[in-house]
Amino acid sequence: MKINYVYLLLLLFTAHGIAQNFQGVATYKSHRKVDLKMNEEGVNADMQKQIQEQLSKQFQQEYTLTFNKHESIYKKEEKLQAPNPIQSGMRIMISQGSDILYKNMKEGRFSNKAEIYGKVFLVKDTLTNQKWELVNETKNIGDYTCYKAIFKDEYTTETITEVGEIETVTKPRITTVWYTPQIPINNGPSQYFGLPGLILEMNDGDFTLVCTKIILNPKEDIEIVEPTKGKEVSQKEFDDIMDKKSKE
């Protein structure tokens, strides 16, 4: 009994040490559903399809989440744009920022370095807990068994009416995620967190993020550095700035 008790203590101390040094890198790929409907004269079905395909390709990006037990850095991977010959005199390019999102789960806060219109901002605020509803469903993503959770909320968007006026519309939204307790960290891509395992997939109806690669406890230690450059603002102040610029 004494030997077994000592062995159990050694296992507990070893597990505690592994948890303290736990770190890794998760790679995610994004996809956005584009449902384009254009009633303009001169825009035929082929042109509309071409525009929709170009938009879909622009939203296909790759992101990395570098994490340890309590901190993470989430950012888009920079890549060279592949040659895209202009077809029918048309080419669509969407400007997407190179934000760097730092999350500190232990302290319940984040810092997001974001550049808009040539100006760098440092958004610093507290993390907002999503009220997750756990669902009794599982599926495999790669080698990991994942569990389903959903989060219900509303979002506000602006549309242009038939007479050319801007209309503000509030719509319901259901965000579905799949997380794995096999990677026991309370984290995930973008602003998502709050579940007993790493989030490997997220879908909010139009936008999808799926984890395609995970490296756990690499040989070289991972360094997570919180961004410090940029004009410091709160999340609300940054949202107001974005709203103002969008209207301009």
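I'd like the accessible area for Leu134, computed on protein heavy atoms only with a 1.4 Å probe and all protein chains in place. Round to 10 Å², please.
110 Å²
What order, most packed first, do the peptides 144-155, 218-229 have when packing is the mean number of other Cβ atoms within 10 Å of each residue?
144-155, 218-229
Strictly over 19 Å apart at the Cα level, which of Lys103/Lys148; Lys69/Lys103; Lys113/Lys231; Lys148/Lys171; Lys113/Lys219; Lys106/Lys236 would you flag in this model?
Beyond 19 Å between Cα atoms: Lys103/Lys148; Lys148/Lys171; Lys113/Lys219; Lys106/Lys236.
Can you give the extra length, in nm with one decimal, that the chain gains between Glu220 and Val120 once fully stretched, where that is 0.36 nm per residue apart less the Cα-Cα distance?
Stretched fully, the Glu220-Val120 segment lengthens by 32.9 nm.
The values are calculated or read from the model by the stated rules, or taken from the named source; none is laboratory data. The structure presented is a predicted model; accordingly, all values stated were derived computationally and were not measured. All Cβ positions, even for glycine, are placed from backbone atoms using ideal geometry, and neighbour counts span all protein chains on display. When the accessible area is computed, the model is the full protein with side chains, heavy atoms only, and any ligands, DNA or RNA have been set aside. Shrake-Rupley method; radii C 1.70, N 1.55, O 1.52, S 1.80 Å.
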